[in-house]
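Here it is: the structure, laid out below.
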Amino acid sequence: LGAMAAALERALREAAAALERGGDGAAAALGAVRAALAAAGGPAAFGERERALFGAFLRSLARAPRAARPEGVWQGCFLEGPPGLALCVLLEALASPGSVRLGEVIEVLEQFLQEGRISALMWEVCQQQAQAGSPELQEALLNKIVCLPDHVSNKLQGKNPAVFFPQNYFPLLGGAVIQVLQKISDSLRGKIAGGLCYRDGSSSEVSVHLVCLPIFSSTSEEILSVLVPRLTDLTKSDCIWQRICWRLVECVPDRWMEAVVLGFVQRAPGADVLSRLLGNLVVKNKKAQFVVTQKVLLLQYCHTTAVLQNLLGYLSLDSLRRALLIKVLQELLETWGSSSAVKHSPPEQQQYISKAILICLSHLKEPEIESCRQELLTSMMEGVKCHLDSNLPQIRRLGMIVAESISSKINTDGPVLKFQVKVIMKFVWCAGLRGNKSFKSDDPGHYSNDDDLIPYDMSEDKELKIKAPVYIRDCIEVLTGSEDVDKWEATVKTLESLVRKNPAATREVSVELAKILLHLEEKTCIEGFVELRQRAQVAVLSTDPIPVAKYLTSQFYSLNYSLRQRMDILDVLVLAAQELSYPKSHRKTKHSGAQNPCIQLLPGSDSSKDWRRIVDERIKSKTRRFATGQSQAELASGPNEFNSVVGHFFFPLIQHFDRPLTTFDLLGEDHFVLGRLVHTLAILMYLAVNTVAVTAMGKALLEFVWALRFHTDSYVRQGLLSCISSMLLSVPTERLLQDMTEELLETQSWLGGKMWWWCMPVFFLLVMQFLCSISLIVIVAVMS
Amino acid sequence: MALPPPDPQFVLRGTSAAVHTLHFSCGGQEPGVPTLFSGSENGFIHVWNLKTHRVDTELDGHGRKSVYCVETIGSKNRLLSQGRDQRICLWDLAEGRTSVTDSVFTENVGFCRCSLLKVAEGRWLVAMAAKALEEVQVLELPSKTSVCTLKPEVGAKLGMPMCLKLWQLNCGSQPLLLAGYEDGSVVLWNLSMGKVLSQLVCHQEPVMSLDFDSEKAKGISGSSEKVLSIWSLNEQQNLQVYKTHKLVNAGIADITIRPDKKILATAGWDHRIRIFGWKKLKPLAVLDYHTATVHCVSFSDHKNPSERLLAAGSKDHRISIWSIYTQT
């Protein structure tokens, strides 16, 4: 071996001299070096001395003139020599190209990559480390590998070959890492086979540490997409590979840990695979633990459900990690149950947390639940309360779903929390089943083989529909006292059309009917019951607006109503106001009124129509039209029915909001109803356009808005803004200026001064719009 | 999958009033056309030609008061009809005549159909609700002599008779009367003694209709409830409930067992005609054609079984004619 080394040394010296001299001798000298290199058994056999000499040789080769470097031979020196040295020299040449042209360097580098010298380099580094080489040097070298695409592209200004694109280069690098790991695993296997103790693989494990460096210090996306599937395959049934993989992730430095863990979690096809790949990393590494238990679950919410399932499944697969799972669940529940979080975090995040809770619950086992039952119960109760308080329907639903799951999980024997949403569904389901059963008993097949008569299909033999009452008073009777459920159902379905058809009869009993409808509850499961009742209520209210509106508005502020009923009142008022103020519906009601005989008796109505028709025809016959387009259809006109009654809708609602009752506190807990009230007022204001009372209403509304301007609930504040906008739309400008200048300026200063208060962009836009329109109005005032 | 129920073979229109009673006359010896008699609410009796499906004759004998029972006596030329004018009329229709030959003033204001039974050649018994509220009177025709008056015991509280069925086991034996009452009970009367032989509470509501099969000694009754009640008569002349059958909708206006005792038909308030096998009361078909209460059902007396028809008259002014289970 010594002789070989000496021969190589001699060849190197001669080659260096030949390069100095230049000329034809160089080619022969280079050939001699390559031969000596091969004879010495490759760069692996190099000692310190040989490395230093070879390094000097490569550097002089890089500086040598074109003529001294025979094509094909000098590249071979770089590709066959020690890869670390070769790369360093090439990079130096790249940084300051001397006599070697840039293109040549790139070509050699490309070959270097494609011939798998990177994995050879990494393997070399591992070996040197095992022999206690300088770690800084090696780390610097690996960093250079990682930064290679950047270097090249900086140098070439975007004209670099495809192999240096990150999407090609990093998978290559990943492949190289796998190759090195393969070698490590082979050497470990060799040691075990050779009778060495398994735990004595420390040197190889350290080397794993360095291998992992380039993986994670760079854009980990591409490398992980190569690495994770390969590792998934390799660790499937091989404990050595598993061990290598665990070691690999454990060695990741803290600053890269998050990217690595997330990458693994996102790419692993299942929780069991993740568990195989990561081992007990979360228990051993603080940073990984933080990422898994806090960051991904509580601070981020962009991940898919599959990621959540992976992550929580991973936690549940080992007894050491299960403790973490319980801890995670408690923290999730704490967030879920925190009223501040429910109020201020986006619905998407709450949905994400709810999902995580449900997945956690599904992984928990009976004894574990037993140990934390009380805490679960407490946080569930808190969570339910603040979810049900929310103004957003999806948050309320979320709260109910999660609470039901928790409850069914913790109360295995006792009563379980059930919300009506599902109860109704189950009821429908049961009803369907029962229907099927009764059909079966009717099934003629039951009697078969008794008689030779073959029955016909009798599935159409269903119960006859019950006739609905024809008079409104009958309806009242049925709705108040009837035990006949079918009749009751038919009445609810037909009531609206009855009321519309018989306005006179309705007026006789309107308030009574309104009262019954307000208290009407669903006796049986009717499809669309709420809508049917609401339509009937609207019909009654629009048929006889004043007394019914008086009744409803007074009931809004009276004792012993549920929030649902109070909101029903608001909805009905809005819908009826809309109907009354809408010209088309006016024509409709007039049409139904025409069926009323007493109108037909009026002698004047017909003749006046004729008169109008005759005049129109005369005008038409004497008019020449030059326009070629279609003549515009005339809009039906009629008096605004809402005009005379708008006050009864609006003022009683606005009067009592600040007087709390024992069961109803608008300014306190029941801010949801307050929000609805504010929105209702805004709509009424909008619908009151062109009515006489609109100015007085606008004034009262601004007062109202002023009183509530610092309300904490965003839904209420949004309603206040729509109040202002509809006020600006409805009240005529000259009225605004003459009668409401003070209030207007006040509002303007509030909107302008408290801009920071409106944290949501929608609000911001609205506020800006109002400010503009108010300013415009004020400017107009000043001008005039 | 069972076959869908058949459509009516044809429909007779033109009574211009609700049809309350139907009676076939198709099995006569003489080579005549098959005929269907219908009595309607406007007091007319229509004689339908079942070949042409047209009205042959229109009889007006009840003062425009509803006719609720029509029967032939012996041949299709002699007709008995009962109307709301409290009269039972006997018609002579031979040779195109349309005259009332005789009439009985029943003085009864109810809706109870009379029941006719041939006891000997040229001798008939007719049972009808009498003037007194709870009584049934039996007359002999054509002599109109009273055979007996059936009075419930004092305090029995049966209410008015609602439906009657005169029958005898075989020719020459003692005629008996089954009567359904307002309180829901069915009573078997012995005519010669004028005594109650047996009483059975079949329904909670008035018995609307009943029919009896003397061969099997089994009868069926329907009421305004959702239940059909089948009862039997044992050798000790005792009525016993045999079984009940629950219906989908309440109210049975009429029940008729086909003369061959194979099937029976019911006329429902739910606008539907139901067909059952008589042996086991196996539901066979639900004929849904009418748009209002069906008032009456009747089977034809064709000699040839394959020609047999079922007719149903309804409040919707129509008479539907069906051909169903004719092959058995």
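The values are calculated or read from the model by the stated rules, or taken from the named source; none is laboratory data. Treat the numbers as computed from the prediction; the structure is a model and nothing was measured. Cβ atoms come from the backbone with ideal geometry, glycine included; neighbour counts cover every protein chain shown. Please note that ligands, DNA and RNA were not included when accessible areas were found on the heavy atoms of the full protein model with its side chains. Shrake-Rupley method; radii C 1.70, N 1.55, O 1.52, S 1.80 Å.
Taking both sides together, what accessible area is buried at the B/A interface, probe 1.4 Å, expressed in Å² and rounded to the nearest 100?
Numbers: alone 14630 and 41610 Å², together 54160 Å².
So the total buried area for this chain pair works out to about 2100 Å².
Could you give me the percent of Cα pairs per 10 Å distance bin for chain B, shortest bin first, beginning at zero and ending with the bin that holds the maximum distance?
The calculated distribution, bin by bin, is 6, 27, 37, 24, 5, 0.
Could you let me know the centre-to-centre spacing of the range A:220-273 and the range B:41-73, using Cα atoms, in angstrom?
The two parts, judged by their Cα centres, are 97 Å apart.
What does the net charge come to around B:Gln204 if you take all other residues with beta carbon closer than 11 Å to its beta carbon, with K and R at +1 and D and E at -1? Write down the numbers at each step before the final one.
Values: positive: B:Lys226; negative: B:Asp183, B:Glu205, B:Glu225.
After counting each charged neighbour, the total is -2.
Once the whole set of protein chains is in place, how much accessible area is left on A:Glu124, using a 1.4 Å probe, in Å² to the nearest 10?
30
Moving to a separate point now. How much net charge surrounds B:Thr326 when only the other residues with a Cβ under 12 Å from the Cβ of B:Thr326 are counted, with Lys and Arg +1 and Asp and Glu -1? Don't skip to the answer; put the middle values down first.
Working: positive: B:Arg258, B:Lys262, B:Arg308; negative: B:Asp260, B:Glu307.
Charge balance near B:Thr326 sits at +1.
When the solvent-accessible surface of protein heavy atoms is calculated with a 1.4 angstrom probe, in what order do A:Ser581, B:Ser38 fall, highest first?
Ranking A:Ser581, B:Ser38 by accessible area, largest first, yields A:Ser581, B:Ser38.
Here are some pairs, B:Lys262/B:Lys315; A:Lys183/A:Lys327; B:Lys65/B:Lys144; B:Lys51/B:Lys262; A:Lys487/B:Lys65; A:Lys183/A:Lys287; which of them have Cα atoms lying more than 32 Å apart in this structure?
Working: B:Lys262/B:Lys315 27 Å; A:Lys183/A:Lys327 40 Å; B:Lys65/B:Lys144 23 Å; B:Lys51/B:Lys262 26 Å; A:Lys487/B:Lys65 34 Å; A:Lys183/A:Lys287 30 Å.
As for pairs spanning more than 32 Å Cα to Cα, those are A:Lys183/A:Lys327; A:Lys487/B:Lys65.
Please compute the length gained on full extension between A:Ser319 and A:Asp272, using 0.36 nm multiplied by the number of residues separating them and subtracting their Cα-Cα distance.
On the way: separation 47, 0.36 × 47 = 16.92 nm, distance 1.39 nm.
The A:Ser319-A:Asp272 span can extend by a further 15.5 nm.
Next up: Using the alpha-carbon centroid of each, what span in Å lies between the range B:185-250 and the range A:498-555?
49
Let me ask something additional. Given points 7 Å out from each Cα along the Cα-Cβ axis, report the A:Lys343 to A:Thr378 separation in nanometres with one decimal.
Each label point lies 7 Å from its Cα, and together they span 2.2 nm.
What whole-number distance in Å separates the alpha-carbon centres of the range A:333-371 and the range A:274-294?
Cα centres, the range A:333-371 to the range A:274-294: 21 Å.
Which lysines have a Cα lying under 27 Å from the Cα of A:Lys550, excluding residues fewer than 8 positions away in the same chain?
Partners found: A:Lys493, A:Lys501, A:Lys515, A:Lys584, A:Lys588, A:Lys590, A:Lys699.
Further, regarding this structure: Quick one: of B:Lys216/B:Lys243; A:Lys523/B:Lys246; B:Lys243/B:Lys279; B:Lys131/B:Lys195, which pairs are farther than 21 Å apart, Cα to Cα?
Working: B:Lys216/B:Lys243 15 Å; A:Lys523/B:Lys246 26 Å; B:Lys243/B:Lys279 12 Å; B:Lys131/B:Lys195 19 Å.
Long pairs (Cα-Cα over 21 Å): A:Lys523/B:Lys246.
Further question: Accessible area of A:Leu329, 1.4 Å probe, to the nearest 10 Å²?
Rounded to the nearest 10, that gives 0 Å².
Mind grabbing the accessible area of B:Arg123 for me, 1.4 Å probe, Å², rounded to tens?
Result for B:Arg123: roughly 100 Å² accessible.
Just the projected area, averaged over all directions, of the convex hull on the alpha carbon atoms of the range B:1-60: how many nm²? Numbers along the way, then the final one.
Details: hull surface 22.7 nm².
Its average projected convex-hull area is 5.7 nm².
Here's something else I'd like to know. Put +1 on the Cβ of each Lys and Arg and -1 on the Cβ of each Asp and Glu in the range B:24-323; which of B:Ser224, B:His245, B:Cys163 then has its Cα farthest toward the positive end of the dipole?
Going by the charge dipole, the pick is B:His245.
Once you list every other residue whose beta carbon is under 14 Å from the beta carbon of A:Arg321, what net charge do they have if Lys and Arg are +1 and Asp and Glu are -1? Can you show the working numbers first?
Numbers: positive: A:Arg276, A:Lys284, A:Arg322, A:Lys327, A:Lys365; negative: A:Asp272, A:Asp318, A:Glu368.
Once positives and negatives cancel, what remains is +2.
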